[in-house]
Amino acid sequence: MKKIFSISLTVILAAAFLAGCQPTPDNSAVSQKDLEQMLALAASGQNTTGSLTERLGIPSRYEAHVKNKKGNLNVAIDADIILPKTNAVPLVRVEAHPFGQPVVDKLIAALFKEGKLYESDALSEMTKSEISERLVQLKLRKAELERQGMKPLNQPLSPNSGESDSGIGAFEAESKSSSKKDEAAAVSMNQLDMVIESIKGMEELIKTAPDEKQLVETSGNLENTSDSIKSAHVAQLNPEGGMCALHVVNNERQNSYWAEYINRGDFEPTFGSYYTEELWSKMSKESDRAEADALAFPVITAEEARQIAERFLEQIGVDYLVSERSEKVIGSSSVEYGDGTRSGNLIKAYQFQYVRQIDGVPVTYTSTETAMDWGDSTVWSWDYETMTLVVDDGGIAGMSWHAPYKLTETITDNTAMLPFSRIREVFEKMILIDHSDDAEEGGADINITEVRLGLARIWEQNNLKNGLLIPVWDFFGTRTVYFEDKDGQPKSYTDQWPGQTLLTVNAIDGSIIDRSEGY
């Protein structure tokens, strides 16, 4: 996928962005010039009289249908248009910002009860009894896979071997199994081998495992883990069982700053993964679905859960985050290990996605989590700023706070933007180009159900720890790809992740933003 595309919208824009139809130039002088031109356009001024709807000619709904010349890539648009409740959209310069000790102290005060704090690594270390329980699960899993007909590494698979449950991953795996080479790769990665290796590992681990949890007190202060890393890892024992744990990591070298909290009544140290009921039913194993069916969703209402989340934000002094998405979810610390077993307690809860809001304009939430810059010798990454809160009847069951920004400069508080008619022209042409690969085999259908104007962060050239929050249009929806399996039977899979944007258009100049690359 190319990094940035531009459409010749007007003579002025064509002249200003002559190189816009190519990937962002490697030449730093050219790259910087393009950035300067965009900033000049953004700050050229715009009448603030009237609403965004009036000034940009934005309809209440966007309905259209476009397709490629072959007719095998169809894009149906029947979408609400979501706008910020302001008359102006800012453009702001930001930089990656580490967590300071005052923030860590507030997190500890809000998430832990009075009492001693312990090192989470020591508490999460498995005891002999916990390893014994895991061995029972693994051996049951091994017997199940053998009953299904799965053979160990480099043995032929029977027609009914492996997982019988279908889902998004199963469709994608099947689409890639049309050659003998791919079939051999599938055999080499079968779950029975992983389970056998895990059993061996657990049997070795139990020999030196402690009989009881080790309690090693800690202050909760950020400490130097290495030359470039400062971190704090604290935990407490829960009276009901398990632990609650907070991990804060500032990694200067990798430009990575994150804080995660877990309180699920187990000793697993990771935040985990959570899915809507629909996605869970498609992606999980039959045994996990049966376990989830036996669990009840929280007694508290969605509004009561939201109030718990909002009180937490007040306690830690974060008033610039707003909730962009909320849903009921099912998940655990690790929904699926490579060996086919699940680790940690399964819970049902409410999940809230929070994003930064600037002058009443939110940064649009998307499922793309990280921007990657592929340099000559080093791969740089920079997560997008988000906070995810998981809430159940016990309160905050999980928090994942990644990549907080520091606002360094407001370039303009009223960004000049293209009229929506121009954005529509760009979208209807570029959606077919950007997703042309989807139609290569059996065709594809794209359905756009929501169009949103908000802010998005892009890299600032020649400085990979600084970026710009610029206004963009995001087109959300689903993508269905059709193909034939190895037997020539028609198949399909549908991407429908929450927050999945199918195209992101720069509202200033009409260029296409690749969120996975950050510009």
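Just so you know, all these numbers are worked out from the coordinates, no wet-lab data involved. As the structure is a prediction and not an experimental result, all values here were calculated from the model. All Cβ positions, glycine included, derive from the backbone under ideal geometry; neighbour counts span all protein chains shown.
Points worth noting:
- Working ranking of peptides 252-263, 486-497 by packing, defined as the average number of other Cβ atoms within 10 Å per residue, highest first, is 252-263, 486-497.
- For trypsin sites (Lys or Arg not before Pro), the sites in the range 41-118 that DSSP calls loop and that have at most 12 other Cβ atoms within 10 Å are LYS69, LYS70, LYS85, LYS113, LYS116.
- Projected onto their three principal axes, the Cα atoms of the range 197-336 cover extents of 45, 42, 34 Å, largest first.
- Backbone phi angles across the range 497-506, fed through the Karplus curve with coefficients 6.51, -1.76 and 1.60 (θ = phi - 60°), yield HN-Hα couplings of 5, x, x, 7, 9, 8, 7, 10, 10, 4 Hz in residue order; Gly and Pro are listed as x.
- Amide H to amide H distances under 5 Å link THR504 with ILE513, where only residues 5 or more positions off or on other chains count and H is placed in the peptide plane.
- Listed peptides 415-428, 504-517 by packing density, highest first (mean Cβ within 10 Å): 504-517, 415-428
- Per-residue ³J(HN,Hα) for the range 418-433, Karplus 6.51 cos²θ - 1.76 cosθ + 1.60, θ = phi - 60°, Hz, x for Gly and Pro: 5, x, 4, 4, 6, 4, 5, 4, 4, 4, 5, 8, 7, 5, 6, 6
- Phi-derived couplings, Karplus 6.51 cos²θ - 1.76 cosθ + 1.60 at θ = phi - 60°, listed residue by residue for the range 49-60: 6, x, 7, 4, 4, 6, 6, 9, x, 8, x, 6 Hz, with x used for Gly and Pro.
- Other residues within the sphere of radius under 13 Å centred on the Cβ of LYS348, judged by their own Cβ, net out at -4 (K and R +1, D and E -1).
- LYS151 long-range amide H proximity, modeled H, under 5 Å: SER158
- Convex hull (Cα only) mean projected area of the range 410-519, reported in nm² to one decimal: 8.7 nm²
- For ARG325, distant residues with modelled amide H under 5 Å away: GLN353
- Rg(Cα) / (2.2 N^0.38 Å) computed for the range 256-331, rounded to two decimals: 1.31
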